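These notes are about the structure you will find just below.
The values are calculated or read from the model by the stated rules, or taken from the named source; none is laboratory data. Just so we're clear, the structure is a prediction, and the values are computed from it rather than from any experiment. With ideal geometry, Cβ positions are generated from the backbone for all residues, glycine too; neighbour counts draw on all protein chains shown.
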Amino acid sequence: MNPLMILRKHFIIVCLKIKGIHDPLTINEYNLILMRAYGLGVPKYEKASTLKMKKKDASESSQLLNEITVTIVCVTRPDKILNELGKAYRFVKIEAGIYHCDEVLGKWIIHPSELNLVPKNYPLLALARGKKLEQFISLCVQEGLNDYLQLIIDVGLATDPELIWHKILEVKQMKYQIREETWPVIDQFFREMPEAIGKLPTFQEALAATQKQSALKSALSTAHHMVVRQLHRKFPQIPTGLVQHIEASSDLSQLDNWLDQIMSANKLAEIDFKIPPQNRDSQKES
């Protein structure tokens, strides 16, 4: 699985160039790519080792220029070529993210961040950035597209590493329903995370926030367990609704206060569990 698959299916010959985030498509670079593409149309001659040239096979012919396709995939949109000099270069938008110049030498410019979220574009969407990449990561997780998720991780650290780190961190926090077979890919991402990325301030902040959230979750779980356990030890019958009310609390100070009240109370009614009046009757019935 790689971004070239979609291109090889559609063109007879592909003269392909992928321009990354730190290597935008300039006019000089564009002209150089075209010069190399035209070179593909030059016939190859055998070296004259004898006075007489070998007769070329009649079925063998030079590559026609209209059989050569130049496709440039740009992570950063080439606004100068597509907008400012649009009339000179004559690129026409075929669909979202795909531009074509229909001359003797067919030329295509593809901007992955504009592509639609449809299967034919999946191999190139791994090169997208910003909101489009977020949407594609979410789609891969929801649909269990592990090959593409792995591709995003492999190439994305060179295009939009901060976004990928945050988005997969968000996914790992279960904001999305994750398929069982997708967990190994996500876990591998965190195991193989380059140390340099962890040094970036935004990543440090996100990691600190995650660790804090994880510590809070662990502390709440322990506090819930201790309060409910002490209740059962001290009082013979505890309403199910009361247990649910305690476990729904996310206030550590309140849980600690309840634990102190349990220790000193002689009756369950002496403890103020902060239950709303409308819920008290149903809790008693439970």
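Within the stretch 216-246, if we keep just the residues that are under 18 Å from I275 (Cα atoms) and part of a loop (DSSP other than H, G, I, E, B), the residue that is modelled with the lowest pLDDT turns out to be Q237. Contact annotation: residue pairs with Cβ atoms under 6 Å, 6 or more positions apart or on different chains, pairing a residue in the stretch 6-29 that is in the same structural domain as R90 (by TED's automatic domain parsing) with a partner that is at pLDDT 75 or above and assigned to a loop (DSSP other than H, G, I, E, B), are K19/L25; G20/V75; I21/V75; I21/T76; P24/T76; L25/P78. Selection of helices (runs of 4 or more DSSP H) fully inside the stretch 80-197 by the criterion of at least 3 residues being at pLDDT 75 or above and more than 12 Å from the chain's Cα centre (by Cα) returns 86-89.
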